[in-house]
Amino acid sequence: MDQITEVSDWVIFIGRFHPLIVHLPIGIILVGISMYFLAKKKKFSQLKGAVPFLMGAGAVSAILSCVFGYMLSFQGGYDAEALNSHQWMGVALAVFAVLAFVFMVWEKTKRIVVLQSGLMVFLLVGLGYTGHMGGNLSHGASYLTQYSPDPLRKLVGLPPKPEKRPPVTVLDSADIFLDVVSPMLSDYCVSCHNPGKSKGDLVLSSYDRIIKGGENGQGVVIGDLKESELYRRVSLPEHHDDFMPPDGKKPLSGEQIKLLELWIMNGAPEKGQMGDFQIEGDYLSAANKVLGLEGHGGNSLARKVEPADSLIVASLNAKGYVIRTISEGSYLLDVSFVAQKNLENVSIEQLLPLKDQIVYLNLNNRNLGDKDLEVIGQFENMVRLNIHSNPITDEGLSFLAKLENLEVLNLYGTQIGDNGLERLELLQKLNRIYLWNTQVTPEKVENLKAKYPDLEINIGEEAS
Ligand code: HEC
C-alpha cells in the first residue's frame, strides 16, 4: 500500500469506523451460517427462510467493511505485509459472501447444496482468520498472548513470561538491562523481532539474541557503538532506509538512545545496577526521564517526602556529615560521615530529623553499636545501608527488620552471625548483602543462596 499518497482527512476519519463496522458482517454471517446448518434439522427447518436475507445483508456489510478498511489503510503505520494479506483476505471474504448469497437464492439442485455447505465452512474459517489478522494489525501480534497464563504459553510454544520487575523507586538500584534496555526493546521493537516473527533474522526478546544480532552481523559489540548494528539502526536519521523502527512507527526518544549508548559503552551487561556506573549530565537526566523518576522530588519514593530542613542539613554538615541529594531535583538524601573522629560525641540521633529523606547511609568505621541500629531502624525509606566495620551484633540487626525498602546492606567486618541474618529474612527488597569477615558460617550462606537465588551475597572482597 502506498502510504505516501495524500488523502483528505475525511477518508481517514471514515476509515476509522472500520474496526466498528467489521463486526456487522462477522455477526450477521455467523448467525446466517448457524441458521443454515440448524435448518437442516427438521425441528428448526422454519429458519431456512431467513438464511438468504442474512447472507445478503452479510455480503453488503462485508463489502462496506472492505471500503472502510481501505480508507483506514491510508492512515499508515501498519506492517505492510500483514496489511496486504488482511486486505486480500477481506476482499476474498466479501466475494465469497456474495457467492453464498447468490447460491442461497439459486434453484436448489443437489450440487448447489453441496456448494452452499462448502462456502459456509469456508466463510466461517475465513472470518475467524481475517478477524484475527485484523486484530493483530491494530493491537500488535502479541495482543492475545501478552497476558496469557504460562500453561497456555507453553502449549503454543511461547517462552514463559519474564518475571515482573518491581517498580523502580531510586535510580541507583534500577537495572540497566532489565529495567531500561529490555522494556524499551519490548515496547518498540519486539512486535517485529520475536521468535515467531523475526524480521532480518533478528530476535530482540532475549539478551543472547540481542547481542547476537541478525543477518547483517552482531547486534551489539561491547564498547563499540559504530559496530553495534542495533545502535546504528536507531540512531540514523529518521528518513534513512535502515532506520528502526521502520514505516513511520514511533521512534525511540533521544533519552532512550542515550541510555542504549550508556549500556553498550558500559559492557552491555545482562544485569547491572545503575548505581555501579558513573552516570552524569545528559545520561543522568535521560535515566531519570526514561524511568519516570523526574519531576517534583525527582523520584517516585520522593513524592511522599518533604524537602529536608536546610538549617538541620547545615548544622550536620558542620559536624562532619556529607549530605547530598541522590540526584538533581530530588529531596532524597545520601548521607555519609567523613570527619576523622568517631561518632562518640556525634550521636546518630542527630540524623533523626532527616529520617524520611535519607535513602543511602554510609557510616562505616564509626563505632556504631546495637543501640545506634535502633535509631537507624526508624529510617524507613532507607535503600542502601553501609555500616561495615562497626561493633554491631545479631541483637542490633533485629532493629533493621523494619526497613522494608532496604536493597543493599553492607555488614562486612561486624560481629553478626547466622542468627542475626535470620532476622533480616523479612526484607523483601534486599538484593545484595556483604558478609565478608563476619561470624556467618559458609553453611548459612549456602542455605541463603538456595533459598533466595536472586540475593547477591558477597563474602569475598571488601566493598565500600
Ligand atoms: C514494523 C516492524 C519492525 C519494527 C517495529 C522494528 N523493526 Fe527492525 N527490522 C524490520 C525489518 C523488516 C528488518 C529487515 C529489513 C532491514 O534490514 O531493514 C529489520 C531489521 C533490523 C535490524 C537489522 C538486522 C540484521 O542484522 O539484518 C536491526 C538491528 C533492527 N531491525 C533493529 C530494530 C530495533 C532496535 C527496533 C526497535 C527500536 C526495531 N528494529 C523495530 C522490521 C521492524
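Looking at GLY369, is it crowded, with 22+ Cβ neighbours inside 10 Å, over 14 Å from ASN458 (Cβ atoms) and assigned by TED's automatic domain parsing to the domain that holds TYR321?
no
Counting only residues that are of a type in the set (Lys, Arg) and surrounded by 13 or more Cβ atoms within 10 Å (Cβ to Cβ), how many does the stretch 226-276 have?
Number of matching residues: 4.
Within the group PRO166, PRO151, which residue is modelled with pLDDT under 75 and either of a type in the set (D, E, K, R) or not assigned by TED's automatic domain parsing to the domain that holds ARG432 (or both)?
Result: PRO166 is the single residue among PRO166, PRO151 that is modelled with pLDDT under 75 and either of a type in the set (D, E, K, R) or not assigned by TED's automatic domain parsing to the domain that holds ARG432 (or both).
Has the stretch 104-123 got at least one residue that is within 39 Å of the chain's Cα centre (by Cα) and assigned to a helix (DSSP H, G or I)?
Yes, because at least one residue in the stretch 104-123 is within 39 Å of the chain's Cα centre (by Cα) and assigned to a helix (DSSP H, G or I).
Mind checking which residues of the stretch 170-207 are part of a helix (DSSP H, G or I) and near the ligand (Cβ under 8 Å from one of its atoms)?
MET184, LEU185, TYR188, LYS199, GLY200, ASP201
Is the stretch 42-59 home to any residue that is closer than 16 Å to GLY131 by Cα and either within 36 Å of the chain's Cα centre (by Cα) or assigned to a helix (DSSP H, G or I) (or both)?
Yes, the stretch 42-59 contains at least one residue that is closer than 16 Å to GLY131 by Cα and either within 36 Å of the chain's Cα centre (by Cα) or assigned to a helix (DSSP H, G or I) (or both).
Kindly indicate whether GLU215 is open to solvent by 40 Å² or more (accessible area, probe 1.4 Å), more than 24 Å from LYS289 (Cα to Cα) and more than 22 Å from the chain's Cα centre (by Cα).
Considered against the rule, which asks whether it is open to solvent by 40 Å² or more (accessible area, probe 1.4 Å), more than 24 Å from LYS289 (Cα to Cα) and more than 22 Å from the chain's Cα centre (by Cα), GLU215 comes out as yes.
How do the pairs read when you match residues in the stretch 207-233 that are in contact (Cβ under 8 Å) with a residue 60 or more places away in the chain with residues anywhere that are more than 12 Å from the ligand (Cβ to nearest atom) and open to solvent by 50 Å² or more (accessible area, probe 1.4 Å), using Cβ under 8 Å and keeping only pairs 6 or more apart or on different chains?
Short answer, once both residue conditions are applied: TYR207/GLU270.
Can you tell me which of (1) within 20 Å of GLY131 (Cβ to Cβ); (2) away from the ligand (no atom under 16 Å from the Cβ); (3) not in a helix (DSSP H, G or I) is the one GLN75 doesn't meet?
(2)
The values are calculated or read from the model by the stated rules, or taken from the named source; none is laboratory data. What you see is a predicted model, and the numbers here were worked out from it, not measured in a lab. A quick note on method: Cβ atoms are made from the backbone with ideal geometry, for glycine too, and the neighbour counts reach across all protein chains shown. Ligands, DNA and RNA are excluded from the accessible area calculation, which covers all protein heavy atoms including side chains. Shrake-Rupley method; radii C 1.70, N 1.55, O 1.52, S 1.80 Å.
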